[in-house]
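Just below is one structure, and these are the notes that go with it.
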Amino acid sequence: MSEEPSRALPTEAERESFRERGWLWLPDALEAEELSRFQEACQRVLGRPHLSHEPGAGSLHAILESVWIEWRETRFHAWALAAAEALMGRPLDYWYHQLLFKAPLEGPPTHWHQDDAYLGVEEDLTISCWLAVQDVGPDAACMEFLSGGQRAGLLAELAPEGEPGGTPPEPPGLLPEQVHAQPLRAGSVTFHHGKTPHRTGPNLSPAWRLAFIQRFALRGVPRPGPEACRASSQAPSAAGG
């Protein structure tokens, strides 16, 4: 059984900001003790030989159950689901999660993409919670969002089939002032709508960039299994951040 949520749910002003911009920053979502548990689990993942990234690959994808079976009993998981439901205004189910690590000094950029594009549906289906397991600044591949971009729906320019080779995808008519980079302290999160275009830069810092992403979907809506989604998200422009 999950513990009670540890942080207040988004306020009405924060929910309005999410509806307007398609993403929301919430600092200090985890208490220190629980954050330490996530940090220790991520370090155990990095220490598992069969999960070590290939030299030059620059990134590592894994799941938390490989080292911590009970993570869904945490207060953070319960809070993230409740907060996601408050932001979307509809009942949601937990769908799947990913650990997304970028290697020191070589972690590659994640190009512009929309999470819902990998499902091929126009309905507003998903929302993601992106946790910074350690401090994540601009040099360590923090999240960047196209504020308000979710209102345009799925963009043909960011369609997954347009990824291989050539110029990285970019939203049409993109202006620098529309892009918001959001550095995060360890234990802080962002939520983003499944149609909000987002990206991260390369990890230029001397440490691994550690991020933990939970994805939630509208209750009762058919969707692919978690393994298929994790596989698709390992494409260069779809690594989820």
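The values are calculated or read from the model by the stated rules, or taken from the named source; none is laboratory data. Please read all numbers here as calculations on a predicted model, not as lab measurements. When we count neighbours, we look across all protein chains shown, and the Cβ atoms used for this are built from the backbone with ideal geometry, even at glycine.
Which residue, of Glu123, Glu73, Glu106, is over 16 Å from the mean Cα position of the chain (by Cα), within 23 Å of Ala8 (Cα to Cα) and not polar (S, T, N, Q)?
Glu73
Any residue at all in the stretch 104-120 that is without any contact (Cβ under 8 Å) to a residue 12 or more places away in the chain and surrounded by fewer than 23 Cβ atoms within 10 Å (Cβ to Cβ)?
Yes: one or more hits.
Return the total of residues in the stretch 126-145 being of a type in the set (Gly, Ala, Ser) and under 11 Å from the mean Cα position of the chain (by Cα).
Looking only at that region, the number is 2.
Quick one: how many residues across the stretch 142-158 are of a type in the set (S, T, N, Q) and either touching a helix residue (DSSP H, G or I) at 6+ places or on another chain (Cβ under 8 Å) or on the phi > 0 side of the Ramachandran plot (or both)?
1
Checking Leu60 against (1) within 19 Å of Leu24 (Cα to Cα); (2) touching a helix residue (DSSP H, G or I) at 6+ places or on another chain (Cβ under 9 Å); (3) buried (at least 18 other Cβ atoms within 10 Å of the Cβ), which single condition isn't satisfied?
Of everything listed in (1) within 19 Å of Leu24 (Cα to Cα); (2) touching a helix residue (DSSP H, G or I) at 6+ places or on another chain (Cβ under 9 Å); (3) buried (at least 18 other Cβ atoms within 10 Å of the Cβ), Leu60 misses just condition (1).
State yes or no: is Glu170 of a type in the set (Asp, Glu) and at pLDDT below 90?
Yes, satisfied.
Hey, among Gly220, Gly241, Gly201, which residue is small (Gly, Ala, Ser) and modelled with pLDDT of 90 or more?
On inspection, the qualifying residue turns out to be Gly201.
State which residue is nearest to Val45 (Cα to Cα) when the search covers only the stretch 166-216 and only residues that are of a type in the set (D, E, K, R) and surrounded by fewer than 21 Cβ atoms within 10 Å (Cβ to Cβ).
Step by step, filter the stretch 166-216, then rank; the result is Arg185.
Can you say whether Gly149 is crowded, with 20+ Cβ neighbours inside 10 Å, more than 15 Å from the chain's Cα centre (by Cα) and more than 15 Å from Pro197 (Cα to Cα), as far as the supplied structure shows?
In short, no.
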